[in-house]
Amino acid sequence: MEINRNTIIKDLIESHPETLTVFKKYNLVIAGGVRGPNEPIAFFAKAHEVDYDTLVKELNEAVEKGGGEHIEIPKLEEDKIYERFVKTAIILTLTVGVTFGAIILSYIAIKLNFNSIYYSLIQAHGHAQLFGWVGLCIMGFALYIIPRVKNTELKYRNLTNICYAFIIGGLSLRIILQPLPFGAIRFLLPLSAILEIISISLFACIILSTVLSSKEKVGIFDKFFKAGIIWFLISACINFGMMVHVYKHTTYEIPKAIFSPFVHLYLFGFVFMFIFAINIRTVFAFLDIKPVREKAVNLTFWVMNISVPIYFIAHMFADRNIIAIRLSQFIAFPIAFAIITFIYGLRVFERSTRELQDVVMDRSYAKTIRTAYIWLIVTTGILLIIPFLGHGSDVQHRFHGSLNHAVTVGFITMMIIGYASKMIPTFKGIDMYSLKLSTLTFVLLNTGCFLRVFSQILVGSSGKPLFYAIMGTSGWFELAALGLFGYNLWKTMNTTQVTKPSVAGKLTEVTKDTKVFDVVDQYPDTLQIFLDFGFSQMANPVMRKTMGRVASIEMATKMHNVDIDKFLKALNDKIASKK
């Protein structure tokens, strides 16, 4: 098998298992099911910061030596540690999460009143989204990704079962009990928070032990991981305090003065630190851009982590003290500065280096990651407007709700979807179940988020029923998007092997009537011939699977003004060399 920049690692391992020793040396096959990742070698070399030429040289040497007894073939087992966390997160968001949120929004739109819903219901829904949807996704991905990023084994792996059981127990008690008027069992609310603290403490122990056990040099992203864990623990402890307050005061609602800044502490502290850490380590390869600007990223870290506790305390006392009000208004500016500085440092909107221009792979996730950062910029803009709207005013509350939605759905959920669409197929060593569903998810989620964010702002500015109606429909777009995403991701996680579509017999010769798809499907090495002759669309897997099934070689050469005789000769020569 000829090794080139587009050689799929999984295919190379199947043809030459002796290359596993080389991949193990560079930590490239720990992810990707039992056969290795479904990624081109050039992409993986950049993603893992390995010199491509050195890697290929060692792979060719391994192939030449063959698989004698002196070659130790490591045993690979598919690691599914993330699956139950992610699947549970999907179930939660499609029930008490986004589904219940869509119902709440529709009810508010019908009543033309944000106060028509019991706040305890909104808080239970919010907890399902924050600790359920977002928290479980981050926990699942972190348990899988961090050992691979740090090139080490996951420590205390057996504790992950307990960690999962306790977080599910705590979530279930909290979501069910907070809105219920049964005083006799409300002592279980503090217990729910205790279960979550135990789970998060176990998670922190596992992740920190794993990071500290690594012999890899400390990366700029390491401190983001560590800070994220600290904020996760702090959030869990504050949540316990809120549940004790609800129980002791025999109330159903956490005071807004505490709950609202708590949400932002959780988001700006725990969630942002983990997302930023993963982005620092991977985005340069995912988007084929330059590595991060370390000074800008470091500045973001310190400004954000100093500002978040000030933001929380100032907002908690803003209703009681004029100094706290002014500080709560001022602190929005350094947080906004930190976010913009990070985007600048990450280079997410810069032009591609074109190092991977010739690499053929699905990059549909790229638009989702960049769009997530557009929503983060929208979030920052709203954050900067809020201090000028008058403390406690109805308009400020509407802008505040828009900010929360822009950051949780626009940025965080969009980022989860983008990374899940890239990483889970890599974890499995397969393609995403359906790229069409991924595209539809992207369109529906952005539509719903746009309608919600800007209609809620307009409701606050004008109060017109039309904007209430638009806002009321937004949740159903998002529910459809996450339903499709959940189905698509679940099918991907449950897939054990790729089933290729059947073709009419084995090709022995390419003619003018042969379908483009059949050529590349049966002889993947011919893809480079198509690219060399200027068929750049063939780099897109979707185009290969759609137009490629329709277009014959003759049709393709006419469309691209290519000499058909030369093209057929090149294809047939390549096929003949493989016989």
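Every read-out reported here was derived from the displayed coordinates using simple, explicitly stated rules and does not represent laboratory data. None of these values were measured; they are calculated from a predicted model. Positions of Cβ are backbone-derived with ideal geometry, glycine not excepted, and every protein chain shown enters the neighbour counts.
Below 8 Å, C-alpha to C-alpha, sequence gap of six or more: please give me the relative contact order for the stretch 133-229 in percent. Let's see the in-between values first.
On the way: 78 pairs, mean separation 37.9, N = 97.
Relative CO of the stretch 133-229 lands at 39 percent.
Cut-off under 15 Å on the C-alpha distance; same-chain residues fewer than 8 positions from Lys155 excluded. Which aspartates and glutamates are left, in chain and number order?
In chain and number order, the partners are Asp79.
Given the convex hull over the Cα atoms of the stretch 81-254, what projected area results after averaging over all orientations, in nm²?
On the way: hull surface 42.5 nm².
Average of the hull's projected areas for the stretch 81-254 equals 10.6 nm².
Under 5 Å between amide hydrogens, which residues at least 5 positions from Lys464 or on another chain qualify, with H placed 1.01 Å from N in the peptide plane?
Counting only residues 5 or more places away or on other chains, the set is empty.
How about Lys515: which aspartates and glutamates have a C-alpha closer than 13 Å to its C-alpha, ignoring those fewer than 8 places off in the same chain?
Hits, sequence-local ones excluded: Glu554.
With an 8 Å cut-off on Cα pairs and a minimum separation of 6 or more residues, tell me the relative contact order of the chain in percent. Mind showing how you got there, number by number?
Numbers: 789 pairs, mean separation 81.6, N = 579.
This gives 14 percent for the chain.
Rounded to the nearest 0.05, what FRET efficiency do Leu180 and Glu153 have when you use their Cβ-Cβ distance and R0 = 35 Å?
Numbers: r = 43 Å, r/R0 = 1.24.
Approximately 0.20, to the nearest 0.05.
Tell me which DSSP H helices of the chain clear both cut-offs, 24 Å or more of axial length from alpha-carbon atoms and a mean Kyte-Doolittle hydropathy of at least 1.6.
Working: long enough: 159-177 (27 Å, 1.75); 188-213 (37 Å, 2.19); 222-248 (40 Å, 0.95); 294-316 (33 Å, 0.87); 365-385 (31 Å, 1.27); 435-462 (40 Å, 1.18); 465-494 (45 Å, 0.56).
Helices meeting the criterion: 159-177, 188-213.
Rounded to whole Å and sorted largest first, what semi-axes of the equivalent ellipsoid does the C-alpha gyration tensor of the stretch 330-384 yield via the square root of 5 times each eigenvalue? Write down the numbers at each step before the final one.
Details: eigenvalues 170, 30, 7 Å².
Value: 29, 12, 6 Å, ordered largest first.
Taking a temperature of 25 °C and a viscosity of 0.890 mPa s, what whole-number D in µm²/s does Stokes-Einstein yield for the chain with Rh from Kirkwood over alpha carbon pairs? Before the final figure, lay out the partial values.
On the way: Rh = 25.7 Å.
Roughly 95 µm²/s, to the nearest whole number.
Would you please state the base-10 log of I(q)/I(0) at q = 0.13, 0.31 1/Å for the stretch 129-174, with intensities from the Debye formula using one equal scatterer on every alpha carbon?
Ignoring solvent entirely, the Cα scatterers give -0.33, -1.13.
Considering just Cα atoms, how many Å³ per residue does the convex hull of the stretch 212-368 enclose? Present the calculation step by step, with values, prior to reporting the outcome.
On the way: hull volume 23.5 nm³, N = 157.
About 150 Å³ per residue, rounded to a whole number.
Starting from a Cα-only point model with no solvent, please compute log10 I(q)/I(0) by Debye for the stretch 416-456 at q = 0.17, 0.22, 0.25 1/Å.
-0.54, -0.72, -0.83
Give me the number: length gained by fully extending Leu466 to Tyr118, i.e. 0.36 nm times residue separation minus the C-alpha to C-alpha distance, one decimal in nm.
Values: separation 348, 0.36 × 348 = 125.28 nm, distance 2.34 nm.
Result: 122.9 nm gained on full extension.
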